[in-house]
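**Student:** My questions all concern the structure below.
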Amino acid sequence: MILDFAQLSPNQIYHTLTQTIVPRPIAWVLSNNSQGQPNLAPFSYFTAISSNPAILMYAVGKKPTGEYKDSAVNVELNQDLVIHIADSQLADVVTESAATLPNEDSELSLDALSHLDLVEFEGSPLPRVAQCKVAFACKLHKVVEMGELPMKLMFVQVKQAYLDESIIREQDDSRLKIDALSLDPLARLGGAEYANLASVFKAVRPK
């Protein structure tokens, strides 16, 4: 089967991409609105862009009401955010946090998220979610708006990282080694489907 994207609707393209570019990591983005209330929302158009400087990117679309989602509005306003890597046990909670709410309402007030704890994140003006084993304190680097929908590509620079001690392993060269199975990152597939890591294997790169 050959698909000519010029003949597909944006909806058809979206479902084709999200079911074939898999698994995708999820940025669980915490930001503060103009009243200082926390917003927490997931984005699976997300990846690392560079390591020097340490730049991550997540893409934000619009709400059904037409305005951009809070994780773009808040970050452009305040410049600060925390990106979490949630584990597979939090799949239902992450999904619930995708609910469309007014900017002045916090997802953390939802019953499904009420058990989450926000704790101090050293070096960051924002807290982190205690239940996540990885969190990145970030500053806005650049915003690029693109597409007919459109979308905002949020380029952010990592300033600090929190790593739970339970996922850290040491290598002989003293670089940190993260145990992927202990991290158990939640991965996004297509539709309502998610995945976890069932196994890890090595393939040595040629010199």
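**Student:** Looking at the range 70-114, which of its residues are open to solvent by 30 Å² or more (accessible area, probe 1.4 Å), at pLDDT below 95 and in a loop (DSSP other than H, G, I, E, B)?
**Tutor:** Result: Ala98, Ala99, Thr100, Leu101, Pro102, Asn103, Glu104, Asp105, Leu110, Ser114.
**Student:** Can you name the condition, by its number, that Gln171 falls short on among (1) modelled with pLDDT under 95; (2) open to solvent by less than 50 Å² (accessible area, probe 1.4 Å)?
**Tutor:** All conditions are met except number (2).
**Student:** Yes or no: Leu126 surrounded by 12 or more Cβ atoms within 10 Å (Cβ to Cβ), part of a loop (DSSP other than H, G, I, E, B) and either of a type outside the set (Val, Ile, Thr) or in contact (Cβ under 8 Å) with a residue 12 or more places away in the chain (or both)?
**Tutor:** In short, yes.
**Student:** Let me ask you something else. Hey, Ala99 hits all of (1) touching a strand residue (DSSP E or B) at 6+ places or on another chain (Cβ under 8 Å); (2) closer than 26 Å to Leu189 by Cβ but one; which does it fall short on?
**Tutor:** Against the list (1) touching a strand residue (DSSP E or B) at 6+ places or on another chain (Cβ under 8 Å); (2) closer than 26 Å to Leu189 by Cβ, Ala99 comes up short only on (1).
**Student:** I would also like to ask the following. Within the range 23-38, which residues are assigned to a loop (DSSP other than H, G, I, E, B) and either open to solvent by 60 Å² or more (accessible area, probe 1.4 Å) or modelled with pLDDT of 95 or more (or both)?
**Tutor:** Pro23, Ile26, Ser34, Gln35, Gln37
**Student:** So which residues in the range 130-150 are of a type in the set (A, V, I, L, M, F, W, C) and in contact (Cβ under 8 Å) with a residue 24 or more places away in the chain?
**Tutor:** Passing the criteria: Cys132, Val134, Ala135, Phe136, Ala137, Cys138, Leu140, Val143, Leu149.
**Student:** When the range 1-28 is examined, which residues are found to be within 19 Å of Met146 (Cβ to Cβ) and in contact (Cβ under 8 Å) with a residue 40 or more places away in the chain?
**Tutor:** Within the range 1-28, Pro10, Thr18, Arg24, Ala27 meet the criteria.
**Student:** What do you reckon, is Thr18 in a helix (DSSP H, G or I), among the polar types (S, T, N, Q) and open to solvent by less than 30 Å² (accessible area, probe 1.4 Å)?
**Tutor:** yes
**Student:** Could you run through the range 51-66 and say how many residues are hydroxyl-bearing (Ser, Thr, Tyr) and either open to solvent by less than 70 Å² (accessible area, probe 1.4 Å) or farther than 14 Å from Cys138 by Cα (or both)?
**Tutor:** Residues that pass the stated criteria total 2.
**Student:** Please work out if Ala48 is free of Cβ contacts under 8 Å to residues at least 24 places away in the same chain, surrounded by fewer than 17 Cβ atoms within 10 Å (Cβ to Cβ) and under 18 Å from Phe136 (Cβ atoms).
**Tutor:** For Ala48, the condition - free of Cβ contacts under 8 Å to residues at least 24 places away in the same chain, surrounded by fewer than 17 Cβ atoms within 10 Å (Cβ to Cβ) and under 18 Å from Phe136 (Cβ atoms) - is met.
The values are calculated or read from the model by the stated rules, or taken from the named source; none is laboratory data. As the structure is a computational prediction, the values presented were derived from the model and not from experiment. Neighbour counts run over all protein chains shown; Cβ positions are idealised from the backbone, glycine included. With ligands, DNA and RNA removed, areas are computed over all heavy atoms of the protein, side chains included. Shrake-Rupley method; radii C 1.70, N 1.55, O 1.52, S 1.80 Å.
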